[in-house]
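Below is one structure, written out as structure tokens; comments come after it.
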Amino acid sequence: MKALQAQNGTPKLLEIEAPQLFPTAVMVKTMYTAISPGTERLLIEASHNGVRQLGYSAVGVVTAIGDNVKTVKVGDTVACYGAPYVGHMEQLAVPETLVTKCPQSVTLQHAAFAAHGTIAIHAIRQGKLQFGESVVVIGLGVLGQMIAKICAAASYDVICYEPNEQRAAMLQQNVGIDVFTDLALMEAHIEQFTKGQGVDAILLCAGGKHSETTARSLHWVRKQGRIVIVGDVEPQFDREALFAKEAVITISRAGGPGRYDARYEKEAIDYPYHYVRWTQGRNLAAYIRLLERKAIDVSDFVQLEVPFEQSAQIYEQLAKSEELTAIIDFSGGD
């Protein structure tokens, strides 16, 4: 079968062996995958030291199930998240804990953003927000956009900062979201909106390692508030300012408990529901429920849709354009 991989710094469609079904796995014929430009560019750069598989978010149809699989059956449409099992590949063998069924009412291209939705939900949970609280989202790439939409759906007061006016404009029509392209204007809004108390949580979704917003976020958060590092930024904070706010700094890793745990993933041994309420798999299912209930609209993410056979060129196009991301279509004209 074919897979989109990076080799010597270049994305390529390569012929690889088809994955083998194992007892806890679901075999999936891929229908759509979603590109994560930031993460995948890093993988492309790293491919100078070896081949790297690209992608980790997909939707497809179940063609076979392992002997131990109980929650899905052949013919089900499922959303899948998690490398190395999920990628831009024609077939996927995915552990049961990393898939969730998609109702017919869910648009398949939207379900393909399963990874982004799952990661966004876990990041929001790391903020420990409660009903009626306020949150600042810094950086409106696809993940920041997803976080802002879900926070608004949860009735948090959402304030966003994004210097790119086109990206900022994508969210400006959403009820409950205030978007700023100027830091000074956002700071003035926070001061007025919170009456000088500061917001309850800040989610840092910007990239670029060293962002001025990282240190400044301590001035926007309330005392004992939370700052969640979601993007690729260094946790550089002034100790005196941190001490004065007694703020909690935390990092959000992937889609939730279970990620990178071989027993949870490969062996599909789930964590007890009453001890670990929101695992990666349960966050994945929560994203699909948001789509099913039309609580969020991610149609504006589907800006570019490219056939799988032409997908190796999409990264160069994304680098030169204003589009957030792209969808890869595996239908092959069927």
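Looking only at residues in the range 206-244 that are in a loop (DSSP other than H, G, I, E, B) and more than 22 Å from LEU324 (Cβ to Cβ), the one that is most open to solvent (accessible area, probe 1.4 Å) is HIS210. Checking each residue in the range 272-306 for being open to solvent by 60 Å² or more (accessible area, probe 1.4 Å) and either closer than 30 Å to THR10 by Cα or hydroxyl-bearing (Ser, Thr, Tyr) (or both) picks out TYR273, TYR275, GLN303, GLU305. Candidates are the residues of the range 92-123 that are in a helix (DSSP H, G or I), under 22 Å from THR63 (Cβ atoms) and of a type in the set (Gly, Ala, Ser); the one that is nearest to the chain's Cα centre (by Cα) is ALA115.
When residues in the range 73-91 are screened for being open to solvent by 10 Å² or more (accessible area, probe 1.4 Å) and part of a loop (DSSP other than H, G, I, E, B), 8 of them pass. Residue count for the range 245-256, restricted to those that are in a loop (DSSP other than H, G, I, E, B), open to solvent by 60 Å² or more (accessible area, probe 1.4 Å) and under 29 Å from THR118 (Cβ atoms): 1.
Could you list all residues from the range 101-139 that are within 23 Å of GLU305 (Cβ to Cβ) and of a type in the set (Ser, Thr, Tyr)? Outline the logic, then answer.
First, pick out the residues of the range 101-139 that are within 23 Å of GLU305 (Cβ to Cβ): 102-120.
Passing the criteria: SER105, THR107, THR118.
The listed residues are GLY66, GLY9, GLY75, and the only one of them that is of a type outside the set (Phe, Trp, Tyr), farther than 18 Å from PHE308 by Cα, touching a residue at least 24 places away in the same chain (Cβ under 8 Å) and out of contact with any strand residue (DSSP E or B) (no Cβ under 6 Å at 6 or more places or on another chain) turns out to be GLY9.
Being out of contact with any strand residue (DSSP E or B) (no Cβ under 8 Å at 6 or more places or on another chain), open to solvent by 70 Å² or more (accessible area, probe 1.4 Å) and closer than 21 Å to GLU162 by Cβ: is that true of GLU187 here? Here the answer is no, as GLU187 does not meet what is asked. Filter the range 307-333 down to the residues that are part of a loop (DSSP other than H, G, I, E, B), open to solvent by 70 Å² or more (accessible area, probe 1.4 Å) and over 14 Å from THR33 (Cα atoms) and list them by number. Hits for the range 307-333 are GLU322, GLY333.
Taking (1) farther than 19 Å from THR250 by Cα; (2) open to solvent by 30 Å² or more (accessible area, probe 1.4 Å); (3) of a type outside the set (A, V, I, L, M) in turn, ARG125 satisfies each apart from (1).
Within the range 134-148, not a single residue is surrounded by fewer than 21 Cβ atoms within 10 Å (Cβ to Cβ), within 23 Å of ASP300 (Cα to Cα) and touching a Phe, Trp or Tyr at 6+ places or on another chain (Cβ under 6 Å). Within the range 196-205, which residues are over 19 Å from GLN130 (Cβ atoms) and crowded, with 21+ Cβ neighbours inside 10 Å? Hits for the range 196-205 are LEU204, CYS205. Among residues of the range 235-248 that are of a type in the set (Gly, Ala, Ser), those with a Cβ under 6 angstrom from a residue that is outside any loop (DSSP other than H, G, I, E, B), sequence gap 6+ or separate chain, pair up as ALA241/LEU218; ALA247/VAL221; ALA247/GLY225; ALA247/ILE227. When the range 281-332 is filtered for residues that are touching a residue at least 24 places away in the same chain (Cβ under 8 Å) and of a type in the set (Gly, Ala, Ser), the ones remaining, listed by number, are GLY281, ALA285, ALA286, ALA295, SER299, SER311, ALA312, ALA319, ALA326, SER331, GLY332.
Residue-by-condition table, conditions (1) over 19 Å from the mean Cα position of the chain (by Cα); (2) charged (D, E, K, R):
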site: ASN8; (1), (2): yes, no
site: PRO19; (1), (2): yes, no
site: ILE35; (1), (2): no, no
site: ARG41; (1), (2): no, yes
site: SER47; (1), (2): yes, no
site: GLN53; (1), (2): no, no
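The values are calculated or read from the model by the stated rules, or taken from the named source; none is laboratory data. Everything quoted here is computed from the prediction, not taken from an experiment. In this analysis, Cβ positions are derived from the backbone assuming ideal geometry, glycine residues included, and neighbour counts consider all displayed protein chains. Calculation scope for accessible area: heavy atoms of the full protein, side chains included, ligands and nucleic acids excluded. Shrake-Rupley method; radii C 1.70, N 1.55, O 1.52, S 1.80 Å.
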